[in-house]
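The values are calculated or read from the model by the stated rules, or taken from the named source; none is laboratory data. This one's a predicted model, so the numbers in the text were calculated from it and none came from an experiment. Positions of Cβ are generated from backbone atoms using ideal geometry, with glycine treated the same way; all protein chains shown enter the neighbour counts.
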2 protein chains.
Amino acid sequence: MIMVKPVRLALLGCGTVGAEVVRLLHEQAADLTARVGAPIEIAGIAVRRMGRDRGPLPVDPALFTTDALGLVKRDDVDVVVEVVGGIEPARTWLVEALRSGKSAVTANKALLAEDGGALHDAAAEGRADLYYEASVAGAIPLLRPLRESLHGDRITRVTGIVNGTTNFILSAMDATGAGFTEALEEATELGYAEADPTADVEGFDAAAKAAILASLAFHSRVTAADVHREGITEVTAADVASAKAMGCTIKLLCIASRGPDSTGADSVSVRVHPAMIPRTHPLASVGDAFNAVFVEAEAAGQLMFYGRGAGGSPTASAVLGDIVAVARNRLSGVRAPSESVYADLPVRPMGEAVTRYHISLDVADRAGVLATVAGVFAKHDVSIATVRQSGRADDASLVVVTHGAPEAALAATVEQLRGLDIVRSIASVLRVEGGA
Amino acid sequence: MIMVKPVRLALLGCGTVGAEVVRLLHEQAADLTARVGAPIEIAGIAVRRMGRDRGPLPVDPALFTTDALGLVKRDDVDVVVEVVGGIEPARTWLVEALRSGKSAVTANKALLAEDGGALHDAAAEGRADLYYEASVAGAIPLLRPLRESLHGDRITRVTGIVNGTTNFILSAMDATGAGFTEALEEATELGYAEADPTADVEGFDAAAKAAILASLAFHSRVTAADVHREGITEVTAADVASAKAMGCTIKLLCIASRGPDSTGADSVSVRVHPAMIPRTHPLASVGDAFNAVFVEAEAAGQLMFYGRGAGGSPTASAVLGDIVAVARNRLSGVRAPSESVYADLPVRPMGEAVTRYHISLDVADRAGVLATVAGVFAKHDVSIATVRQSGRADDASLVVVTHGAPEAALAATVEQLRGLDIVRSIASVLRVEGGA
């Protein structure tokens with residue numbers, strides 16, 4: 001029997017995901033060896049503190065170290081697997097690994113969205129592989145299809161539910177009529193929301209994933225700063241009820257689309273915000289903490305990818321798939337296709353994004369109110385799709401749904417409505433996506 | 001500017017898919033060149049008959065030839081793209097191409113399921129790439145995730161709707177209450193069914209895809225002959241109504257699962273048959289001619305892939321994605337991971353598959369009928385989940401839904417029920433999948 005040299009990993013981080021990676025590497029060792037063509041060995045595990053109780057891990061305790069950079073630099077390390085998260089020191093470690101020709105596997109969406117360029121440049125310099133399937137939508141094999149399978153097609157739009165915490169909260173609000181605070185409390189109790197839920201509920205996590213998806217889909221570098229971001233903290237029980245009345249549900253969507261800007265030049269629009277979608281849309285039935293990404297391409301048409309977006313095991317599955325890929329590449333002495341950014345499309349401002357609005361107004365119950373309100377929409381060149389009037393006397397209300405119009409025109413319309421005497425208040429403004 | 005040598009294709013077949021491949025290669029030439037790193041050129045197009053009207057194609061008419069084998073053998077051809085279908089002469093062409101080191105892209109599910117081994121062996125011999133994303137579920141990027149992304153995980157089950165024609169027919173029967181013949185006529189009129197629909201409605205097409213999926217998911221060679229196959233021609237309007245009454249819908253499913261056989265040894269079960277699934281199951285809402293494949297893996301959990309399974313553009317999208325991949329590999333002088341069949345699992349007989357049955361019986365309305373019927377189930381060690389009795393006098397009926405039991409035990413139960421005096425007739429027997 002020929003002894004093949006093992007592929008040796010440096011694992012940076014041993015929290016929920018890291019521990020699961022260790023467990024799977026051990027449990028599936030025989031399968032992984034057969035698939036890769038060589039055994040995969042752990043050369044070392046970098047942790048912040050030694051001696052923390054990590055439960056029974058099938059690994060030699062001597063492999064643990066607190067010197068991550070030292071581990072990354074070791075000559076006997078072939079692949080660096082980073083599951084720590086955050087910008088620094090993860091960036092320093094990964095850049096060091098890639099520049100010196102080590103392959104890197106990371107689940108670090110924040111870093112990729114903030115400064116993915118630095119990683120890709122380091123990978124190019126070191127002629128090394130950089131894989132990050134676990135950074136978006138956990139276990140769902142999504143990045144490889146975007147990076148490879150759809151490279152013969154032209155993607156026009158990616159619409160995703162990519163944050164499990166907010167989807168759990170919005171699903172609960174939809175199911176029970178609860179308000180945001182109450183639903184967040186439930187999510188926290190059940191472990192679906194972190195003690196500090198800001199990154200999730202304010203849309204930062206989804207925005208990072210949106211940037212990664214847009215970069216891959218449109219062959220351009222898009223960063224988190226390019227993403228228009230709104231969270232779900234202002235979604236009310238009344239909004240959810242309004243959506244229900246329209247046959248819709250509210251989801252936090254990440255939307256990346258390609259199209260002409262105001263001058264007609266090809267450009268990219270990337271945004272994260274809550275939106276109403278029809279209950280008949282495939283994304284509407286994505287409940288609880290599941291993720292799903294809807295991809296539209298010119299030739300392929302509509303595609304959807306669905307699965308678990310977070311959690312130790314699902315994330316570890318994606319990390320392991322990447323480890324197998326980079327290990328195989330090393331054994332055959334090849335490198336995966338490098339970053340594809342040839343299109344280099346500009347990101348157009350949110351004001352130019354074409355969206356639809358659902359606006360609930362409390363108005364004075366007087367003759368001519370509708371005419372006045374309609375006039376404001378017309379002045380901003382925003383076409384009204386439907387109007388519903390209800391109530392009378394002191395609590396008359398108008399619900400207006402528009403056709404697609406530039407975000408800036410819609411915002412200006414709402415601003416002017418707010419200033420009208422006959423408008424007592426604007427009860428809610430929600431975008432509407434996914435349908436005619 | 002450095003001139004890079006183009007990658008040259010031999011296109012075998014120029015029907016709906018082939019013509020769309022030609023069109024997309026032309027339309028997206030600049031993008032494809034950027035993504036591959038070299039232009040992709042058509043060296044020749046083999047057709048059965050010259051001069052057939054193929055509409056306006058952006059290609060030099062001099063490229064057409066009726067000598068496919070001659071084209072495949074030409075020294076200036078790097079990649080052979082086969083979209084003819086059928087076993088021969090496609091197999092001869094592809095084996096010739098692969099053995100001589102040319103990369104091959106094919107959409108030929110029948111050939112892959114019947115004799116994929118011959119193609120994989122030829123690819124190994126010629127150290128060439130064999131890609132076939134378009135062979136299963138059209139545009140849905142499914143095979144690359146199975147071949148690569150999920151290689152760090154253990155897939156336990158693949159459940160798919162992989163035939164658009166039968167899904168269209170069953171969706172129509174569900175929506176309108178029509179019978180099979182009527183729904184087939186509608187499908188034929190609308191172009192969703194071919195003049196001879198046998199391959200679709202008898203499940204041959206789905207069985208071929210099931211074999212390909214099982215091979216990839218379980219790292220074993222599975223052929224069409226290994227697949228238990230039942231079509232939808234015997235599904236009646238009454239079956240559809242029964243399913244509805246249970247909160248279910250009927251789909252033609254391909255199911256490939258991994259598990260112990262009767263001796264406890266690891267094995268694979270692959271089958272295609274109509275089955276009731278709960279309306280709440282993600283596959284239940286896959287309507288019309290769409291395809292979807294549900295994958296369960298130990299670490300990743302449940303995943304679903306959804307999109308258009310057929311048609312010129314969607315299929316061409318998958319073919320183009322493969323062309324980009326093999327062209328890139330050629331330029332960097334590498335080969336994709338070869339066929340993974342190390343597990344070499346045996347296929348267990350259908351009798352050992354564990355399924356659930358929904359059985360409608362017309363019975364005599366007499367005391368003791370239920371006890372007698374229940375006794376038959378017990379004798380075969382089949383546990384009953386629910387029983388519903390309805391009607392009286394001459395048209396009493398019993399609907400029994402079982403728990404999971406070996407197919408052989410269920411079949412023997414039905415056979416014995418059929419022989420009972422008190423059973424006037426067995427109105428329907430349907431398998432139940434996807435849920436408790």
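Quick rundown of the values:
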item: Subset tally (residues that are without any contact (Cβ under 8 Å) to a residue 24 or more places away in the chain and assigned to a helix (DSSP H, G or I)) for the stretch A:321-336; result: 0
item: A:Val47 being farther than 18 Å from A:Asp322 by Cα, surrounded by fewer than 19 Cβ atoms within 10 Å (Cβ to Cβ) and either in contact with a Gly (Cβ under 8 Å, 6 or more places away or on another chain) or outside the structural domain of A:Ser220 (by TED's automatic domain parsing) (or both); result: no
item: In the stretch B:300-319, residue surrounded by the fewest Cβ atoms within 10 Å (Cβ to Cβ) [restricted to those that are of a type outside the set (D, E, K, R), closer than 19 Å to A:Ala292 by Cβ and facing chain A (nearest Cβ under 9 Å)]; result: B:Gln302
item: Residues of the stretch B:80-108 classified as in contact (Cβ under 8 Å) with a residue 60 or more places away in the chain, assigned to a helix (DSSP H, G or I) and closer than 18 Å to B:Arg330 by Cα, total; result: 1
item: Residue ID - farthest from A:Ala107 (Cα to Cα), chosen from residues in the stretch A:80-89 that are within 21 Å of the chain's Cα centre (by Cα) and surrounded by fewer than 20 Cβ atoms within 10 Å (Cβ to Cβ); result: A:Glu88
item: Pairs with Cβ under 8 Å, 6+ apart, first in the stretch B:347-359 and closer than 12 Å to B:Met276 by Cα, second among the acidic types (Asp, Glu) and outside any strand (DSSP E or B); result: B:Thr355/B:Glu407; B:Thr355/B:Glu433; B:Arg356/B:Glu433
item: Test for B:Asp205: is it assigned by TED's automatic domain parsing to the domain that holds B:Leu150 and crowded, with 21+ Cβ neighbours inside 10 Å; result: yes
item: Some residue of the stretch A:327-347 being of a type in the set (Gly, Ala, Ser) and under 17 Å from the mean Cα position of the chain (by Cα); result: no
item: From A:Leu111, A:Leu94, A:Leu130, A:Leu150, residue being buried (at least 24 other Cβ atoms within 10 Å of the Cβ), touching a His at 6+ places or on another chain (Cβ under 7 Å) and among the aliphatic types (A, V, I, L, M); result: A:Leu130
item: Pair list, Cβ < 6 Å and 6+ apart or interchain, from the stretch B:53-79 residues that are closer than 16 Å to B:Ala104 by Cα to residues that are at pLDDT 95 or above and of a type in the set (S, T, N, Q); result: B:Leu71/B:Thr65; B:Val79/B:Ser103
item: Test: residue in the stretch B:414-425 that is of a type in the set (Gly, Ala, Ser) and either farther than 30 Å from B:Glu125 by Cβ or part of a helix (DSSP H, G or I) (or both); result: yes
item: Unmet criterion (only one of (1) at pLDDT below 95; (2) within 20 Å of the chain's Cα centre (by Cα); (3) surrounded by fewer than 17 Cβ atoms within 10 Å (Cβ to Cβ)) for A:Leu190; result: (2)
item: Matching residues in the stretch A:380-412 - criterion: being within 21 Å of A:Ala238 (Cβ to Cβ) and β-branched (Val, Ile, Thr); result: A:Thr386, A:Val387, A:Val399, A:Val400, A:Val401, A:Thr402
item: Any chance B:Ala243 is outside any strand (DSSP E or B) and crowded, with 21+ Cβ neighbours inside 10 Å; result: yes
item: Answer residue from the stretch A:384-413, given it is out of contact with any Ser or Thr (no Cβ under 6 Å at 6 or more places or on another chain) and in a loop (DSSP other than H, G, I, E, B) and is surrounded by the fewest Cβ atoms within 10 Å (Cβ to Cβ) among those; result: A:Arg392
item: Flag for B:Gly351 being touching an Asp or Glu at 6+ places or on another chain (Cβ under 9 Å) and in a helix (DSSP H, G or I); result: yes
item: The stretch A:114-127: number of residues that are assigned to a helix (DSSP H, G or I) and surrounded by fewer than 20 Cβ atoms within 10 Å (Cβ to Cβ); result: 8
item: Near pairs, Cβ below 6 angstrom, 6+ apart or cross-chain, from the stretch A:154-178 (more than 30 Å from A:His219 (Cα to Cα)) to any residue that is among the β-branched types (Val, Ile, Thr); result: A:Leu170/A:Ile250; A:Met173/A:Val240; A:Asp174/A:Val240; A:Asp174/A:Thr249
item: Residues (part of a helix (DSSP H, G or I), within 19 Å of A:Ala316 (Cβ to Cβ) and in contact with a helix residue (DSSP H, G or I) (Cβ under 7 Å, 6 or more places away or on another chain)) located in the stretch A:26-78; result: A:Leu32, A:Arg35, A:Val36
item: Among residues of the stretch A:247-273, those that are buried (at least 18 other Cβ atoms within 10 Å of the Cβ) and of a type outside the set (S, T, N, Q), counted; result: 14
item: Count of residues meeting criterion [closer than 15 Å to A:Leu216 by Cβ, of a type in the set (Ser, Thr, Tyr) and within 9 Å of chain B (Cβ to nearest Cβ)] in the stretch A:320-349; result: 2
item: Failed item in (1) under 20 Å from A:Ala19 (Cα atoms); (2) outside the structural domain of A:Ile323 (by TED's automatic domain parsing), with A:Arg147 passing the rest; result: (1)
item: Residues located in the stretch A:12-25, provided they are more than 25 Å from B:Arg147 (Cβ to Cβ) and either in a strand (DSSP E or B) or within 11 Å of chain B (Cβ to nearest Cβ) (or both); result: A:Leu12
